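Worksheet: one structure, shown below.
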Amino acid sequence: GGSADAAAVLAGLNQLWNLSLSLSELEALSAKLGADVPFCISGGCARARGIGTELAFLPGAGGSQQGAPPLNLVLFTPHISVSTAAVYHNLNLDHCAWHPEV
């Protein structure tokens, strides 16, 4: 999507122009482009809160957890399209009895 594209452009320009921006500098800069662009900069698996800028990385899932043991994960994606805006608009956590902690 657009957030991944924006992150790729920032990372590419950082390298092309020899800016030597750190990961945290790229994440801060990318947050001005979109809430989930910093995640696309860091990568890995994380639980996002707020508008997507508060990230808690899963142990061993890459991203900011360099050197962590590997995490085996299988992700299934159905062949349907769902609007992110519609999902958040219709989300009601009051109907969820259990909220797992990451």
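The values are calculated or read from the model by the stated rules, or taken from the named source; none is laboratory data. The model shown is predicted, which means the values in this text are computed figures rather than measured ones. Note: ideal-geometry Cβ built from the backbone for every residue, glycine included; neighbour counts use all protein chains shown.
So which of Asn18, Asn14 ends up being at pLDDT 90 or above and surrounded by 16 or more Cβ atoms within 10 Å (Cβ to Cβ)? Steps first, answer last, please.
Details: Asn18 fails: surrounded by 16 or more Cβ atoms within 10 Å (Cβ to Cβ).
When all the criteria are applied, what remains is Asn14.
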(request) For Ala48, indicate whether it is closer than 27 Å to Leu75 by Cβ, in contact with an Asp or Glu (Cβ under 8 Å, 6 or more places away or on another chain) and of a type in the set (Gly, Ala, Ser). (result) yes
(request) Could you tell me which numbered condition Gly1 fails, if it satisfies all but one of (1) exposed (fewer than 13 other Cβ atoms within 10 Å of the Cβ); (2) modelled with pLDDT of 80 or more? (result) (2)
